[in-house]
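Accompanying notes for the structure given below.
The values are calculated or read from the model by the stated rules, or taken from the named source; none is laboratory data. Predicted model, so just to flag it, every value in this text is computed and none were measured. Quick reminder, even Gly has a Cβ in these numbers, built from the backbone with ideal geometry, and neighbours come from all protein chains shown.
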């Protein structure tokens, strides 16, 4: 029983679980309001979508959940009227789980680093000595692939838990005959003490926990770089605006 409570608590706190609970509460409220005011089905669904978006906005979910909550019921209605074969939905579900399955408990969607981000990160790396670089959310391996081609002294590695992005990054390294390596591994099980530079492009959800891991494991003089997402309450040593399509900023801490 001692292990059951923390595990249940972690499941309830998972962003997808919270979003589902918000949808259920919103539907219940919308049906209740519709009953008293004789709303049509269409108006009831619109009300449910608005309520879900409001609950998401005022909860601790990241802001990017709000448009997902708002679009959930309209998207279901739209798909219903398309009358697509059931196999299409199954294929779409499998593909989404392969790419975004880790979001359920990690709260980290797939973000791809821009070429501008890669270029700026390259300027922060040493060109005259050996170093080890880790991308803790390697995605499809784009950043690792580009950096690996530029630095002959660097050893580039990444960890990724989403099956399809991991498979793409693994195949990319093999087909290119590259030196970088990507492991199918949970970042919380990765030893950061072996690396001189750790790069993260995750989400607001894990940043405090990751910062704690960085402080406990990374060596003095090493570099921690976060794309876009800051560590709450921790001022970076340097922030570089990228002016890319995502209007990203690199936040840099020197340990």
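Some points to look at:
- All conditions but one from (1) surrounded by fewer than 19 Cβ atoms within 10 Å (Cβ to Cβ); (2) at negative phi; (3) not in a strand (DSSP E or B) apply to residue 240; the one that does not is (3).
- For segment 189-199, the criterion of a residue being within 17 Å of residue 114 (Cα to Cα) and in a loop (DSSP other than H, G, I, E, B) is satisfied by no position.
- Complete set of residues in segment 171-214 that are surrounded by 13 or more Cβ atoms within 10 Å (Cβ to Cβ), touching a strand residue (DSSP E or B) at 6+ places or on another chain (Cβ under 9 Å) and either outside the structural domain of residue 141 (by TED's automatic domain parsing) or more than 22 Å from residue 145 (Cα to Cα) (or both): 206, 207, 210, 211, 214
- Any hit, segment 149-158, residues being at pLDDT below 90 and either crowded, with 21+ Cβ neighbours inside 10 Å or farther than 23 Å from residue 253 by Cα (or both): yes
- Residue 224 vs. criteria surrounded by 19 or more Cβ atoms within 10 Å (Cβ to Cβ) and part of a loop (DSSP other than H, G, I, E, B): no
- Selection status of residue 229, in contact (Cβ under 8 Å) with a residue 12 or more places away in the chain, within 19 Å of the chain's Cα centre (by Cα) and farther than 24 Å from residue 116 by Cβ: no
- No other residue among 230, 157 is in contact with a strand residue (DSSP E or B) (Cβ under 6 Å, 6 or more places away or on another chain) and farther than 19 Å from residue 133 by Cβ apart from 230.
- Unmet criterion (only one of (1) in a strand (DSSP E or B); (2) at pLDDT below 95) for residue 234: (1)
- For residue 112, the stated conditions hold: it is modelled with pLDDT under 95 and in a loop (DSSP other than H, G, I, E, B).
- All of 138, 162 fail the test of being closer than 21 Å to residue 122 by Cβ and within 16 Å of the chain's Cα centre (by Cα), apart from 138.
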